[in-house]
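The values are calculated or read from the model by the stated rules, or taken from the named source; none is laboratory data. Fair warning: this is a prediction, and the values are worked out from it, not measured in the lab. As a convention, Cβ positions derive from the backbone with ideal geometry for all residues, glycine included, and neighbour counts pool all protein chains shown.
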Amino acid sequence: MQIDFHYYATYCAAYIAGYSHEESLDLCYSAQFVDCCTKTLLSGIGAPESAATTQLQLEMMEARTDLIGLQDITRIWASFHFLPYDLHAEVKKGSKVYKDKYRLICNTNSDLLVETVGLAKDRGLQAAGLAMHILADTWAHRYFAGTPSMVINNTNDYFYELIPEGDGYREEKVQFRHNPAGADQFGKYSYINTLYQLTENSVMCLGHGRAGHLPDYSFMRYRYLPAWGNYEEIIKDNPSDYYHAFTQMIYALKFLRGEEAAFEKEHYDLEAAAPYEERITEILEKRQPDAAADWKAFGESLSGCEIPEFDIEKYQEEYRQAPKEEKDNTFLGQFIMAAMRQKSMVTNRIYKSGSLLAGYSIDYNENGFGGIKDFMMLLRDERREVRS
Amino acid sequence: MSRLQRIGVFISGLLMLLGAAVLILDVEDGLMFITTVLAVSLFVMGIRFIVYFLTMARHMVGGKAMLFAGVFLLDFGFFTSTMFDESRLMIILYLAGWHAFSGLVSLLRAREARKYKGHWKLSAVYGIGNIAVAIFCLIFSKSAKILTGIYCAGLVYSAGIRMISSFRRTEIVFIQ
């Protein structure tokens, strides 16, 4: 997904869920910030790099794809953008490595999603926004895994776009090309994707890179053969998936506000979205690379307030200037805390499933503190929570 | 990393350092040694591709390409091993290509880091250094001593990174 959904649509969902204009702004800012919080940015403001929630293209190109590098990449992408669906899935083919990678395939309504939303409960707007990013991405990024893997994430020539025509759909063969400086050509059904490399762990095979940006466009419908699918095709209907994401966000946000007693799988607040269904569907179906303007107009019509453009630097100076002991209490400090908590939880679940793809997890209650020192802030936070 | 993996990574770093030292001490046979390493690497890559096909890629849509790649690399490895006497051009291309690519990526990274107000100077210096080395390879392509020296410097750098990474903390704490 892109800024149109993570920022503007999340604002709309938050406002419909009952948050105020100001709260909705903080929440959607945090949701979008997940796509900006790189190691480069964190080092620039003097924050722990372990809190990175995404990687720049060149950061990935420079990243070593040795064991440590791969674990770092997997922690970031599986925790925040491709939440694994079933870490204990029965896989009756391939080696253990194949099985471990297969189990990282992202899909909607997973146990991990329930844990993710639960983790954000009573932990502020930054944690809520971060959780909404992850929730929304489970819809856009389903069927791909947040780890470099050719056997899971590769796509081939069999890729068709489905374009609504009359009562049905017209099919157009998708042409992929690798040109990082180029742009998608919607009229020609020609899209940019990552380079085909004959390497299992190439970063080119991370997530949906081989399918280009198609999963991130709300209007897109397509059918293709996933590498892992044993030649069974998948039909991806983004407008429907994105609408589900939107209504699930409203439901989740109502839970985080305390209006719903629990967050359960397969629950969507269709009722709250019903008055706006036509307008939302219109935005989602509109064939355009960026729906930000439409979502912004919708959000402003909901609250009657202006939604400012996303400004990546908005809270950076506050974090830079804060004394060391106060950094955790700043806006970005709270975001960083939520990110570390999420990364720690997902790494633990992957590790407990018997896979080392995201690295080792040390259970504090059993073994005390160990490993990367940056995560010491989780301990500080835990102690603060206990005290209060 | 597990303790065993850390030891393995550290030892591989030590072996690389040892290889660099041997090369420096015996420059005359250096080029032949590098060609041997390249040929063996290609051969091992070919084997790895075939194993990869058998254990994973055969379950992938279009996975047979991995089998073909494996066979091709094996063949290329054999071919390289027959070129000990004509190895200079291959080594020059390998060294210059690798350093130029690394340099370019580092320079782009520096530009990106600067845009995000991150630390960019070290990346820029590293990028310029690598591109300078690539140009050096081309200028001094006739000197076995310099080519071997550049290859050794790369080996020492990689060995250092490996040995340092074997001491890195990588585990993540989980608090219930």
> Can you name the number of the only condition in (1) closer than 29 Å to residue B:166 by Cα; (2) exposed (fewer than 14 other Cβ atoms within 10 Å of the Cβ); (3) more than 14 Å from chain A (Cβ to nearest Cβ) that residue B:17 fails?
Replying inline: (2)
> Taking region A:58-67 on its own, how many of its residues are assigned to a helix (DSSP H, G or I) and at the interface with another protein chain (Cβ under 9 Å from one of its Cβ atoms)?
Replying inline: 5
> Do we find that residue A:55 is buried (at least 17 other Cβ atoms within 10 Å of the Cβ), on the phi < 0 side of the Ramachandran plot and in a helix (DSSP H, G or I) in this structure?
Replying inline: no
>> Report every pair of residues separated by at least 6 positions or lying on different chains whose Cβ atoms are under 9 Å apart, first residue within region B:154-176 and more than 9 Å from chain A (Cβ to nearest Cβ), second among the charged types (D, E, K, R).
In response: B:166/B:6; B:167/B:6
>> Here is a check on your reading of the model: is residue A:224 at pLDDT 95 or above and more than 26 Å from residue A:150 (Cβ to Cβ)?
In response: no
>> Just the residues that are in contact with a Ser or Thr (Cβ under 9 Å, 6 or more places away or on another chain) and in contact (Cβ under 8 Å) with a residue 40 or more places away in the chain, please, taken from region A:165-179.
In response: A:174
>> So residue A:232 ticks every box in (1) surrounded by 20 or more Cβ atoms within 10 Å (Cβ to Cβ); (2) modelled with pLDDT under 95; (3) charged (D, E, K, R) but one. Which box is left unticked?
In response: (1)
> Based on what the data block shows, is residue A:77 in contact with an Asp or Glu (Cβ under 6 Å, 6 or more places away or on another chain) and among the aromatic types (Phe, Trp, Tyr)?
Replying inline: no
> For residues in region A:68-86 being of a type outside the set (Asp, Glu) and surrounded by fewer than 19 Cβ atoms within 10 Å (Cβ to Cβ), which is nearest to the other protein chains (Cβ to nearest Cβ)?
Replying inline: A:68
>> Restricting to region B:28-85, and then to whatever is touching an Asp or Glu at 6+ places or on another chain (Cβ under 8 Å) and either part of a loop (DSSP other than H, G, I, E, B) or more than 9 Å from chain A (Cβ to nearest Cβ) (or both), can you tell me which residue is farthest from residue A:229 (Cα to Cα)?
In response: B:33
> Quick one: residue A:199 ticks every box in (1) touching a Pro at 6+ places or on another chain (Cβ under 9 Å); (2) not in a loop (DSSP other than H, G, I, E, B) bar one, so which box is it?
Replying inline: (2)
> Can you tell me how many residues in region A:208-260 are assigned to a helix (DSSP H, G or I) and of a type in the set (A, V, I, L, M)?
Replying inline: 8
> How many of the residues in region A:343-386 are touching a residue at least 12 places away in the same chain (Cβ under 8 Å), of a type in the set (A, V, I, L, M, F, W, C) and more than 9 Å from chain B (Cβ to nearest Cβ)?
Replying inline: 4
>> Taking the condition of being outside any helix (DSSP H, G or I), under 17 Å from residue A:76 (Cβ atoms) and not polar (S, T, N, Q), how many residues in region A:323-379 meet it?
In response: 7
